[in-house]
Amino acid sequence: MNWTAITAIYKYEMARFFRTLTQSFISPVISTSLYFVVFGAAIGSRIEQVEGVSYGAFIVPGLIMLSIMTQGISNASFGIYFPKFIGTIYELLSAPVNFIEIVIGYVGAAATKSLFIGVVILATAGFFVDLEIQHPIAMIAFMVLTCTSFALFGFIIGIWAKNFEQLQLVPLLIVTPLVFLGGSFYSISMLPPFWQTVTLFNPVVYLISGFRWAFFGLADVPVGLSLVAIAGFTAVCLVAIWWIFKSGWRIRS
């Protein structure tokens, strides 16, 4: 394993992140505050509790998952797309670095960035609601796994994209709606039986449910299914990346 190459890629990507640290730090704080004003105050005044948890606290896991999913995808996709755009990807491919080391460097940096954003949002939420995390180790594990899996997904999108517009296509038109419809701001038990069944086909439901269980001990689906879902998603992304580098799809052409 060429740790020098991994470290070089990781440091380069993190340096780009820290150059815009103010924007990266302030943006999630403002967004989280607005969500609490709109959802916590406006809707929370009508829905005081959900399954024994105050509505303001109930939406915190959904807010964190929404941010780390979209941030993980955006950071990883831009990180690998930009070398393609300016042509430096060929220098990387011709260097004595295998695809595993390339993926670890880019995905590791993207996952670190999204994890940082998740921690910032969690800290910001503490100013608005009282949070008591029942399973802190499970909460950290879910955050790390989600950041990593969606960074892998973003890496695939960055290779697939042919222009900057396509980089935003999947996060905006697919991932964000799935998160909003996946129980981020409500429990699926509040839905009519038919829509509960339909919602279970949304893979994001399993991630948010498991993450919320780590906070409050409440889950819309069994925690085991949540772990299987995130493990399966990660495995699919790894296989896809292996095939991409093996075939050279959208990299060498």
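The values are calculated or read from the model by the stated rules, or taken from the named source; none is laboratory data. Worth saying up front: this structure is predicted, and the values here are computed from it rather than measured. Neighbour counts run over all protein chains shown; Cβ positions are idealised from the backbone, glycine included.
Restricted to the range 178-217, and to residues that are over 22 Å from the mean Cα position of the chain (by Cα) and among the hydrophobic types (A, V, I, L, M, F, W, C), which residue is nearest to ILE47 (Cα to Cα)? In this case the residue turns out to be MET190. None of ILE117, ILE100 is farther than 30 Å from PHE215 by Cβ, out of contact with any Gly (no Cβ under 6 Å at 6 or more places or on another chain) and part of a helix (DSSP H, G or I) except ILE100.
What helices (runs of 4 or more DSSP H) lie completely within the range 149-253 and have 2 or more residues being touching a Leu at 6+ places or on another chain (Cβ under 6 Å) and closer than 20 Å to MET69 by Cβ? Steps first, answer last, please.
Numbers: elements: 164-170, 176-180, 193-199, 203-216, 223-247.
The qualifying helices (runs of 4 or more DSSP H) are 203-216, 223-247.
Can you list the helices (runs of 4 or more DSSP H) found entirely within the range 1-76 that contain at least 2 residues being touching an Asp or Glu at 6+ places or on another chain (Cβ under 6 Å) and among the hydrophobic types (A, V, I, L, M, F, W, C)?
Numbers: elements: 3-19, 21-35, 55-58.
Filter on the range 1-76 gives 3-19.
Across the range 69-92, which residue is surrounded by the fewest Cβ atoms within 10 Å (Cβ to Cβ) among those that are of a type in the set (A, V, I, L, M) and closer than 17 Å to GLU13 by Cα?
Here is the first cut: in the range 69-92, the residues of a type in the set (A, V, I, L, M) are 69, 73, 76, 80, 86, 89, 92.
Applying the additional criterion that residues be closer than 17 Å to GLU13 by Cα yields 73, 76, 80, 86, 89, 92.
Values: ILE73: 28, ALA76: 31, ILE80: 25, ILE86: 8, ILE89: 18, LEU92: 18.
Filtering first and then ranking leaves ILE86.
Return only the number of the condition from (1) surrounded by 17 or more Cβ atoms within 10 Å (Cβ to Cβ); (2) at pLDDT 90 or above that GLY40 does not satisfy. Answer for GLY40: the failing condition is (2).
If you go through the range 85-109 and pick out every residue that is over 23 Å from SER24 (Cβ atoms) and either modelled with pLDDT under 90 or over 22 Å from the mean Cα position of the chain (by Cα) (or both), you end up with 13. Take VAL204 and decide whether it is closer than 15 Å to LEU145 by Cβ and surrounded by fewer than 18 Cβ atoms within 10 Å (Cβ to Cβ). Considered against the rule, which asks whether it is closer than 15 Å to LEU145 by Cβ and surrounded by fewer than 18 Cβ atoms within 10 Å (Cβ to Cβ), VAL204 comes out as no.
Have a look at THR112, THR176, THR146 and point out the one that is at pLDDT below 90 and hydroxyl-bearing (Ser, Thr, Tyr).
Residue meeting the stated conditions: THR176.
With respect to GLY118, is the statement that it is crowded, with 17+ Cβ neighbours inside 10 Å and more than 29 Å from LEU218 (Cα to Cα) true? Spell out how you get there, then give the answer.
Values: crowded, with 17+ Cβ neighbours inside 10 Å: yes; more than 29 Å from LEU218 (Cα to Cα): no.
Spelling it out, it is not the case that GLY118 is crowded, with 17+ Cβ neighbours inside 10 Å and more than 29 Å from LEU218 (Cα to Cα).
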